[in-house]
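The structure appears right after this line, and notes come after that.
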Amino acid sequence: MPIRFTDTYSRQLEDFAPLAPPLVRLYTCGPTVYNYAHIGNFRAYIFEDLLQRHLEARGFDVLRVMNLTDVDDKTIRNSLASGQRLNDFTAIYKAAFFADLDALRIKRAQHFPAATDYVPQMIDMIRDLEAKGIAYQADDKSVYFRLSKYPDYGKLAHLNLDELRPSGRIRNDDYEKESIGDFALWKAWDKADGDVRWESPWGPGRPGWHIECSAMATALLGPELDIHCGGVDNIFPHHEAEIAQSECCTGKKFVRTWLHCAHLMVEGEKMAKSAGNFFTLRDLLDKGWTGREVRYVLLTVNYRLPLNFTFEGLAGARAALQRLDEWTARLADHAGEKSEVRNQKSEIPRVEAFFAALDDDLNISGAMGALFDLVRESNATLDRGDLTPAQAAALLAGWQRVDAVLAIERDAVTVPAEVHALVEQRQAARAAKDWPGSDRLRDAIAAAGWIVKDTKDGPKLTPR
RNA sequence: GGCGGGGUAGCCAAGUGGUAAGGCUCGGCUCUGCAAAAGCCGUAUGCGCGGGUUCGAUUCCCGCCCCCGCCUCCA
């Protein structure tokens, strides 16, 4: 059963076939570091994380690049407003971004190129385009891509450019461009840019947004990418522009598979600062939610569907994760020392079904269904006393494979010695049938951050 | 106006031309000194609306309604 994805270009479910397996060259559009990333951004990054982890689970070597856009209009504007130099300003948000990636357990790409580190490569590409008659410098000193030279522009988005309705964002009059659709490759320096400027054959200025990705992707992954991801809003014009620039420079097909994830909504509404429903990850952490709870919510809806983010959903994630935690803890207890041999080979049909679901266009819902089927079935077997320690160990091994993709396992926790002592005192009180004393000790344990549960195998502790 | 995604139980959501996975919530039960937690079981004659094709449609076709996105630098 091959892995299949819905390719944006063809709009079809297609068998995945990288150019040089097992290598997969993956390029993912990263953040613009002028502010903290919001949960809509992270929805995309978590989808890409799932993609990477599943490909790795299937034996591919994923070489992944995620760019950091550290120069653009908003970044310049905000850095000037803050009185900081561009690099000092973006450093803050770069660091915050990586901290957020860690909190969400998103695997690090091999490369996080910053746009400001690749200006020479961008200039080289623009010169190449200019030499080919595709780029031209206009009277405003900026350099533009001559769209008339690239008739395939619009094919990814399936737009017929002749029929585009002019929107308020097109300002016909202000431009010296030859054609309204021509996009900027190099933006001439303006006094509003302050000291943000690079020298170029066309005078001082800075690169356009689209050329960043073309230059960095090509520099780090070569002219042909296996997969390129982003949010649906990047399809047009950003990814169209990338295709145009890259293919005109290299003469090769830039991307074999395009994957785009749908947007996130909050409580059924579009997320917007003006609507008061705009959340960064740290907003949610401040409210007491954990990174893995947010990860679970963002991970468990298929990437092609709009994701409705709600606090009810977060609470559901918390409950579902607790159930998984309890399940793995029970298995570990039951496996005992057998858990030392966790990596034994074992075929568990539900685990195979989990991966088979992900093969089918990352059908995470189907995969989670298989996982919870396994949880219910093995819990029942355990309740009946029909599960051997070796079987429990095999199930744990299966879980480890699953969690290598999901990355939602509870962090290892160690019970403090004083809590252990309280539990022992409480057991003594219970043995003496001193119920008031027992209840006081339970409260003391709770005050220390732990919930004690009296099971037939003795007291069990769970972090609150 | 063009292009695209979506409307399945209280919430999230999978899926199939043959009678609706899974998670959360809720209810019952088990366990328990009491609890809590956990576990087990149960909960949609129904899949936006109206037609059509078919022995049979949530699934295919036609029409319509609603939500969301993109339409030239928002994941």
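Things worth noting here:
- When residue A:324 is tested against (1) within 12 Å of RNA strand B (Cβ to nearest atom); (2) open to solvent by less than 20 Å² (accessible area, probe 1.4 Å); (3) of a type in the set (A, V, I, L, M); (4) under 25 Å from residue A:230 (Cβ atoms), just one condition goes unmet, and that condition is (4).
- Scope segment A:269-284; condition assigned to a loop (DSSP other than H, G, I, E, B), more than 6 Å from RNA strand B (Cβ to nearest atom) and either surrounded by 13 or more Cβ atoms within 10 Å (Cβ to Cβ) or modelled with pLDDT of 80 or more (or both); matching residues: A:277, A:278, A:279
- Residue A:383 vs. criteria assigned by TED's automatic domain parsing to the domain that holds residue A:322, more than 16 Å from residue A:53 (Cβ to Cβ) and charged (D, E, K, R): yes
- Residue check, residue A:42 of a type outside the set (Asp, Glu) and assigned to a strand (DSSP E or B): no
- Only residues that are away from RNA strand B (no atom under 11 Å from the Cβ) and within 19 Å of the chain's Cα centre (by Cα) were counted across segment A:3-35, and they come to 6.
- Residue match in segment A:53-63 (condition: open to solvent by less than 10 Å² (accessible area, probe 1.4 Å) and part of a helix (DSSP H, G or I)): yes
- Residue match in segment A:76-83 (condition: surrounded by 15 or more Cβ atoms within 10 Å (Cβ to Cβ), among the β-branched types (Val, Ile, Thr) and at pLDDT 95 or above): no
- Members of segment A:222-243 that are within 17 Å of residue A:211 (Cβ to Cβ), near RNA strand B (Cβ under 10 Å from one of its atoms) and of a type outside the set (Phe, Trp, Tyr): A:230, A:234, A:237, A:238, A:239, A:240, A:241
- Qualifying residue in segment A:350-364 (condition: part of a strand (DSSP E or B), of a type in the set (Phe, Trp, Tyr), open to solvent by less than 30 Å² (accessible area, probe 1.4 Å) and within 15 Å of RNA strand B (Cβ to nearest atom)): no
- For segment A:245-262, a residue qualifies if it is within 10 Å of RNA strand B (Cβ to nearest atom) and on the phi > 0 side of the Ramachandran plot, but none of them does.
- Any hit, segment A:165-172, residues being of a type outside the set (Ser, Thr, Tyr), over 24 Å from residue A:250 (Cα atoms), surrounded by 11 or more Cβ atoms within 10 Å (Cβ to Cβ) and modelled with pLDDT under 90: yes
- Considering A:96, A:131, the condition of being small (Gly, Ala, Ser) and more than 24 Å from residue A:185 (Cα to Cα) is satisfied by A:96 alone.
- Candidates are the residues of segment A:445-464 that are assigned to a loop (DSSP other than H, G, I, E, B) and within 10 Å of RNA strand B (Cβ to nearest atom); the one that is least open to solvent (accessible area, probe 1.4 Å) is A:457.
- Residue list for segment A:250-268, restricted to those being of a type in the set (A, V, I, L, M, F, W, C) and buried (at least 22 other Cβ atoms within 10 Å of the Cβ): A:254, A:255, A:258, A:259, A:261, A:264
- Between A:190, A:226, A:195, the distinction of being free of Cβ contacts under 8 Å to residues at least 24 places away in the same chain and over 30 Å from residue A:314 (Cα atoms) belongs to A:190 only.
- Condition check for residue A:413 on (1) within 36 Å of the chain's Cα centre (by Cα); (2) farther than 25 Å from residue A:5 by Cα; (3) of a type in the set (Val, Ile, Thr); (4) open to solvent by less than 40 Å² (accessible area, probe 1.4 Å): one failure, at (4).
- The lone criterion from (1) near RNA strand B (Cβ under 9 Å from one of its atoms); (2) touching a Leu at 6+ places or on another chain (Cβ under 6 Å) left unmet by residue A:265 is number (2).
- Residue in segment A:424-444 that is more than 10 Å from RNA strand B (Cβ to nearest atom), in a loop (DSSP other than H, G, I, E, B) and closer than 25 Å to residue A:319 by Cα present: no
- The lone exception for residue A:187 - which of (1) modelled with pLDDT under 95; (2) outside any loop (DSSP other than H, G, I, E, B); (3) surrounded by fewer than 18 Cβ atoms within 10 Å (Cβ to Cβ) it fails: (3)
- Residues being open to solvent by 50 Å² or more (accessible area, probe 1.4 Å), farther than 21 Å from residue A:283 by Cα and either of a type in the set (A, V, I, L, M, F, W, C) or assigned to a helix (DSSP H, G or I) (or both) - total across segment A:84-100: 2
The values are calculated or read from the model by the stated rules, or taken from the named source; none is laboratory data. As the structure is a prediction and not an experimental result, all values here were calculated from the model. Cβ: placed from backbone, ideal geometry, glycine included. Neighbour counts: every protein chain shown. Surface areas here come from the heavy atoms of the whole protein model, side chains and all, with no ligands, DNA or RNA. Shrake-Rupley method; radii C 1.70, N 1.55, O 1.52, S 1.80 Å.
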